[in-house]
Amino acid sequence: MQDMHLSRTSSAADARPGGASRRDFLKVSAAAGGGLLLSFELPSIANAATGAHATLNAYVRIAPDNTVTITAKNPEIGQGVMTMLPMLIAEELDVDWKQVRIEQALADHRVYGRQVAGGSMATPLEWDPMRQAGAVARAMLVNAAARRWKVKAEDCVTAHGEVTHTASGRKLTYGALAAAAAKLPVPDLGSVKLKDPKDYTIIGHSVPGYESPKLVKGEPLFGIDMVVPGMLYGVFTKCPVFGGSVVRANLDVIRKLPGVRHAFVVEGGSDLAGLMPGVAIVADSWWQAAKAQRQLEVKWDEGATREQSSEGFARQAAALGAKAPAHSLRHDGDAAAALKGAAHVVEASYHYPFLAHAPLEPMNCTAHARGGKVEIWAPTQNPEPGRALVARTLGIDERNVTIHFRRSGGGFGRRLMNDYMVEAAWLSEIARAPVKLVWNRTDDIQHDFYRPAGWHFLKGGLDASGKLIAWQQHFVSFGRNGQIAPSAGMESTIFPAGRVANLSMGYSLIPFGVPTGPLRAPGSNALAFVFQSFLDELAHAAGKDPLAFQIDLLGKDEVLPGRGPGFNTARARGVLEKVREVSGWGGRRLPSRAGAGVAFYYSHLGYFAEVVEVAVAADGQVKVNKVWAVGDIGSQVINPTAADNMVHGAILDGLAEALNQKITIENGHVVESNFDTFSPLLLKQAPPIEVHFIKSNHSPTGLGEPPLPPAIPALCNAIFAATGKRIRTLPIDPAMLKA
Amino acid sequence: MRYTLHVNGRRHNVDVDSDTPLLWVLRDTINLKGTKFGCGIGLCGACTVHLDGAPARACLTAISDVGNKAVTTIEGIGATPIGARLQKAWLDIDVVQCGYCQPGQIMSAAALLANGKTPSDGEIDAVMNGNICRCGTYNRIRIAIKQAAQSDFGTAPNKRKGA
């Protein structure tokens, strides 16, 4: 067995965003059965800035029969990453997609670096490393062929998984060359040429989801489908009031119920994201465990947050909003003075509620703890914090926690938290058997990490010409002692910041005890509603077309400070101009109580402008007739069919948040309990959606999140156009829209 | 209690409590995992199966109520011409995102197409509205159903969105 390990310095990798100089590592070996096994390690961008070198790995395995097996490093939650990342490798490797087999990696950051489904980051982080992995392997195969034929490598070309010597027409498959290639020196990364995008045969071409043929037949791919021999089934009941603990429970009754093997109190801790107090029931079948759960009687100590409620938060927010912000975010010019001198002042307060994630596959995890080790099969978006949590809670070394990715039936940010993983591990530890923990829907909706509610108190000032000259914003959010709760913050760079001469932004915090966390397009999913709705109000107050008003306000083309490389006003203008064109903005006569609204947003490195057309019935019911979306996510849309699907999904997600969804806290617990009270968008509500992309001269970025935020304000702005009623509170209340 | 079930043309003898939902018998006793648990109270349609050809929510169907009815699940629907056409259309249109709801979607669609007629948009919306897709693949679901309903489907050139 040949095994080579080389370290190289690369300049090619420095083209990536964040590109400090760094070393790249490449490891190549002969695979079992005589093929080529290439493992490719690159430092992650996240760590590059600090100089720490994590590694990213992609594996390419080529068998003698010319089958190419590519390892998908990131967890699949429906975002298509299991197909997309291997497409990048396959493109530069120059193979046909039909040759490619994909295997899901094990969760192991020491081998693979960042393995997170979150932040729409897979594309920007992996665009270069994955293509380079393919290109290096291709170069080695070409070199192997050139040696065999005693010709120059430059005189050989590749296509369809074969090397051809152009002059003589001789051909060899990669499979025939792989064993020899594995013994060759690894080319310098900087010297390996990447394809001209015009030659792409996979990138930019629609590739169906790799696992879809199995999924439409119901094959068992998800976390909840996991089976381990000897497995028991668990349910876990926590206090409905967050952080409450168990005083006593009728365990003697529960233990006598059919199928129940174990019933025990879990003392747990106080970390809302960790193992919380509760009562575990482990049974021979999930149904028996779930039935026993219904007979469970627990006396809870509800703890410190039993009094908290959505109404109480709203009262506190109103009181805080009447005062100056406790904390300052940004001050440009003198907003107070400019408002005094403004020809027209618009004042408004906006509010959005807590939201749950509610992926369709309930939280679940299968764990087998034995002999100081735990093996875990989890639908998770973020395995490493789960590994650390399990190790810490069970008092074992992280190296003794093995995590297998299972396909997730949706994530939306919920499975970035690993509370259900540690619960499964604990139940297995106590039950001394493999345990599959499955939550029911009420567990899921009442024990989430919620999108935080928020309140915004705004004043905008226009001069006599309708120019926006002042912006004052007091954001009331959640947190303690100036520490903002998870996902409850606001950046100071959100447009129109930087384009209003006199601007002040500040925030105040309500202390609370509700677990919060990232929901798809965290921050942006709420803030886009506030900023883009209020700008629409200001445009109307100025007597200007809302789309033209925003383009005017964007001003000259430049990059303003903002997330990632900054906020590029030209790209924002680009998507707005394009959506004006494709939607026929302003050019259509609409019937009474119908209207169109527009919004744009920069989030997760992507730019989206959307136009929504609605009709509002006399009873106030909102029907979305159509949505036009224009995105700029850089120079390539890697997998167009998946991209189109993802944009649809994100927009429908936004519409659901605007039309259907609210989590209410009463007496310290969540009122909603299932899809009747917390509903995803239903098919009848789904409008036709037209998706367009602008291919701009920027490295490709992600798509899971950016299309969502503008959908909400575009809808609300359309409702204003249709009815003259301004939506300032979500979800939309049809009662206020009656004719 | 002992029950004899006829699932996808095969006999299964099971011994479960009489109130056990068909969903959990399929998933955990017979080990057919394609029928999914989403809400447990008939709101999401992820557990849709056919009983003698009629759609039913397996989470609300107690095993004691199944009787001699033939149970068809996503694992068996491909053996029917409509099921096979739907599965092909689902792949052709590349409907799937996470895929968790799709077995239930296909089972509801198969019941909708069972009468051999091409459904109107209104009929598709009315029947399929009970199947939640949290990823939002609804527009592709509509297209795939229409494609599967075409009598010449399978011979016509494939269409794929977003190309």
Failed item in (1) within 14 Å of another protein chain (Cβ to nearest Cβ); (2) farther than 30 Å from A:A122 by Cα; (3) of a type outside the set (F, W, Y), with A:P640 passing the rest:
(2)
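Condition test on A:E690, is it within 24 Å of B:G38 (Cβ to Cβ) and more than 10 Å from every other protein chain (Cβ to nearest Cβ)? Don't jump to the end; show me each part of the working.
Numbers: within 24 Å of B:G38 (Cβ to Cβ): no; more than 10 Å from every other protein chain (Cβ to nearest Cβ): yes.
Against the criterion (within 24 Å of B:G38 (Cβ to Cβ) and more than 10 Å from every other protein chain (Cβ to nearest Cβ)), A:E690 does not qualify.
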Matching option when the condition is charged (D, E, K, R), at pLDDT 95 or above and surrounded by 15 or more Cβ atoms within 10 Å (Cβ to Cβ), among A:E613, A:E558:
A:E613
Just checking, how many residues over region B:34-75 are hydroxyl-bearing (S, T, Y) and more than 10 Å from every other protein chain (Cβ to nearest Cβ)?
4
Taking region A:447-499 as the region of interest, how many residues are closer than 28 Å to A:R415 by Cα, modelled with pLDDT of 95 or more and open to solvent by 40 Å² or more (accessible area, probe 1.4 Å)?
4
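Give me the residue from region A:79-105 that is assigned to a loop (DSSP other than H, G, I, E, B) and open to solvent by 10 Å² or more (accessible area, probe 1.4 Å) and, out of that set, farthest from the other protein chains (Cβ to nearest Cβ).
Of all residues in region A:79-105, those assigned to a loop (DSSP other than H, G, I, E, B) come to A:79-80, A:94-96, A:105.
Subsequent filtering for residues that are open to solvent by 10 Å² or more (accessible area, probe 1.4 Å) retains A:79-80, A:94, A:96.
Values: A:Q79: 7, A:G80: 7, A:D94: 21, A:D96: 17 Å.
In this case the residue turns out to be A:D94.
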Per the filter on region B:1-33, residues more than 19 Å from A:K214 (Cβ to Cβ), in a loop (DSSP other than H, G, I, E, B) and within 7 Å of chain A (Cβ to nearest Cβ) are B:D17, B:T20
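Which of the residues spanning region A:607-658 are more than 30 Å from A:G566 (Cα to Cα), of a type in the set (A, V, I, L, M) and outside any loop (DSSP other than H, G, I, E, B)?
Step one: filter region A:607-658 for residues more than 30 Å from A:G566 (Cα to Cα), giving A:613-626.
If we keep only those that are of a type in the set (A, V, I, L, M) as well, we get A:614-618, A:622, A:624.
If the condition is that a residue be more than 30 Å from A:G566 (Cα to Cα), of a type in the set (A, V, I, L, M) and outside any loop (DSSP other than H, G, I, E, B), then A:V614, A:A615, A:V616, A:V622, A:V624 are the ones that fit.
Restricted to region A:659-669, and to residues that are in a strand (DSSP E or B) and of a type outside the set (A, V, I, L, M), which residue is surrounded by the most Cβ atoms within 10 Å (Cβ to Cβ)?
Once the filter is applied, the top-ranked residue is A:H669.
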When region B:93-111 is checked residue by residue, the ones that are over 12 Å from the mean Cα position of the chain (by Cα) and more than 7 Å from chain A (Cβ to nearest Cβ) are B:I93, B:V95
Name the residue that is nearest to B:G40 (Cα to Cα), counting only residues in region A:416-450 that are within 11 Å of chain B (Cβ to nearest Cβ) and in a helix (DSSP H, G or I).
A:R441
Quick one: B:V49 ticks every box in (1) among the aliphatic types (A, V, I, L, M); (2) open to solvent by 20 Å² or more (accessible area, probe 1.4 Å); (3) within 13 Å of A:G218 (Cβ to Cβ) bar one, so which box is it?
(2)
Every residue in region A:500-518 that is under 29 Å from A:D444 (Cβ atoms), surrounded by fewer than 21 Cβ atoms within 10 Å (Cβ to Cβ) and touching a residue at least 40 places away in the same chain (Cβ under 8 Å), please.
A:G513, A:P515
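Yes or no, residue by residue, for (1) within 30 Å of A:N645 (Cα to Cα); (2) within 35 Å of the chain's Cα centre (by Cα):
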position	(1), (2)
A:E211	yes, yes
A:K214	yes, yes
A:G218	yes, yes
A:G234	no, yes
A:V241	no, yes
A:R248	no, no
A:G259	no, no
A:D271	no, yes
A:A292	no, no
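Conditions tested, residue by residue: (1) of a type in the set (D, E, K, R); (2) open to solvent by 40 Å² or more (accessible area, probe 1.4 Å).
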| site | (1), (2) |
| --- | --- |
| A:H160 | no, yes |
| A:T164 | no, no |
| A:G169 | no, yes |
| A:G175 | no, no |
| A:A179 | no, no |
| A:K183 | yes, yes |
| A:K193 | yes, yes |
| A:G204 | no, no |
| A:P213 | no, yes |
Quick count over region A:314-372, residues being closer than 30 Å to A:N418 by Cα and touching a Phe, Trp or Tyr at 6+ places or on another chain (Cβ under 7 Å), is 15
Just need a number here: residues in region B:52-65 that are out of contact with any strand residue (DSSP E or B) (no Cβ under 8 Å at 6 or more places or on another chain) and open to solvent by less than 10 Å² (accessible area, probe 1.4 Å).
0
Need at least 3 residues that are in contact with a helix residue (DSSP H, G or I) (Cβ under 9 Å, 6 or more places away or on another chain) per element, so show me which strands (runs of 3 or more DSSP E) inside region A:156-267 make the cut, counting only ones lying wholly within it.
A:156-159, A:162-165, A:232-238, A:260-266
B:I77 vs (1) under 15 Å from B:R10 (Cβ atoms); (2) of a type in the set (V, I, T); (3) in contact (Cβ under 8 Å) with a residue 40 or more places away in the chain: all pass except (3)
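Which residue out of A:E666, A:E672 is among the acidic types (D, E), touching a strand residue (DSSP E or B) at 6+ places or on another chain (Cβ under 9 Å) and in the same structural domain as A:E577 (by TED's automatic domain parsing)? It would help to see each step written out before you state the result.
Working: A:E666 fails: touching a strand residue (DSSP E or B) at 6+ places or on another chain (Cβ under 9 Å).
Criteria check complete, one pass: A:E672.
The values are calculated or read from the model by the stated rules, or taken from the named source; none is laboratory data. This structure is a prediction, so every number in the text was calculated from the model and none was measured. Don't worry about glycine lacking a Cβ; one is built from the backbone with ideal geometry, like all the others, and counts go over all protein chains shown. Please note that ligands, DNA and RNA were not included when accessible areas were found on the heavy atoms of the full protein model with its side chains. Shrake-Rupley method; radii C 1.70, N 1.55, O 1.52, S 1.80 Å.
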